[in-house]
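To start, the structure under review is shown below, and the notes come after it.
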Amino acid sequence: MIESSSILALDGVTKRFGQITALENFGVDIRKGEFITVIGPSGCGKSTLFNIVAGLESPDEGRISHHGKPVAAGDLLGQVAFMPQQDLLLPWRTVLDNAILAIELEGTPRSEARRMAMDMLPEFGLTGFERHYPQQLSGGMRQRVALMRTFLFKRELMLLDEPFGALDSLTRSMMQRWLLEIWRHHERTVLFITHDIDEAIFLGDRVLVMSARPGRIKLEQHIGLPRPRLGEVVTSEAFVQLKRKLLKELEEESMKSFTP
Ligand SMILES: Nc1ncnc2c1ncn2[C@@H]1O[C@H](COP(=O)(O)OP(=O)(O)OP(=O)(O)O)[C@@H](O)[C@H]1O
Ligand SMILES: [Mg+2]
């Protein structure tokens, strides 16, 4: 198999907030087209990792390279599409105008941006809702609007921070399958944070298990399950074995973060 090229690599990254070390000696190489999922106990530095990759925070130590070239964290601002942990929809903007927010800020004229968003509505299951306001939508729809905003902001790397966290399990599994479809169709590279081990295995080409704070990579698990991953995948022996292994690692770390 030919290894695809590196989009973004972190090496030895450490980030401190005063007395707290959020990330320590963190390294990862994200290759084109991959779907990487990240799991780890609450507070282990996952969102901090995303803030660094998005260029919103600078590491205290370590190196970052973008397409093999060393860069400062700030150089990454605007280079990646970022869906933060809170969906950040503006209550006074319609679905359509929330979806175009990032590309409008980037300078795309509103009329053109709206046309681009209209074209994407069916794929995101939002046809007919373009003039609705966020408070008129279900939780799943709100998350699709936030995802649509991230997809419209066309960057090769997308960071999704627990995008399905607030959904019931049925809606969540439908959204997972749907996300895999559009990931394939749009040929993007995804870094995806979740608390849910099933979700991490179902979606990922690789799962990164992070240690309790300070966050390091505890285990990097390749997921060889064939795609498209249909419902049966989650009940297969291979899936169950992976789940057992990752659960053990994660539980060990979660126990540590609860020990005073
Ligand atoms: N801007 C900040 N200033 C001070 N401390 C911060 C800041 N951002 C994060 N931290 C601290 O860094 C640690 C890691 O936080 P982070 O939000 O990255 O965790 P997380 O893994 O995303 O947690 P969760 O799963 O609950 O979302 C926490 O102890 C948090 O309090
Ligand atoms: Mg977080």
Take segment 52-71 and flag every residue that is touching a Gly at 6+ places or on another chain (Cβ under 8 Å) and open to solvent by less than 60 Å² (accessible area, probe 1.4 Å).
GLY55, GLY62
From ARG216, ARG227, which residue is among the charged types (D, E, K, R) and more than 16 Å from ligand 1 (Cβ to nearest atom)?
ARG227
Just the residues that are basic (Lys, Arg) and more than 20 Å from LEU147 (Cβ to Cβ), please, taken from segment 54-113.
ARG63, LYS69, ARG110
Identity of the residue in segment 20-46, at pLDDT 95 or above and of a type in the set (S, T, N, Q), that ends up nearest to ligand 1 (Cβ to nearest atom)
THR21
If you go through segment 79-97 one residue at a time, how many are surrounded by 15 or more Cβ atoms within 10 Å (Cβ to Cβ) and more than 16 Å from ligand 1 (Cβ to nearest atom)?
9
If PRO84 satisfies all but one of (1) over 19 Å from GLU162 (Cα atoms); (2) of a type outside the set (A, V, I, L, M); (3) within 16 Å of ligand 2 (Cβ to nearest atom), what's the number of the condition it fails?
(1)
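From GLY33, GLY74, GLY43, GLY12, which residue is away from ligand 2 (no atom under 16 Å from the Cβ), open to solvent by less than 80 Å² (accessible area, probe 1.4 Å) and part of a loop (DSSP other than H, G, I, E, B)?
GLY33
The values are calculated or read from the model by the stated rules, or taken from the named source; none is laboratory data. Remember, it's a predicted structure, so these values are computed and weren't measured experimentally. Counting neighbours? That spans all protein chains shown, and the Cβs are built from the backbone with ideal geometry, glycine included. When the accessible area is computed, the model is the full protein with side chains, heavy atoms only, and any ligands, DNA or RNA have been set aside. Shrake-Rupley method; radii C 1.70, N 1.55, O 1.52, S 1.80 Å.
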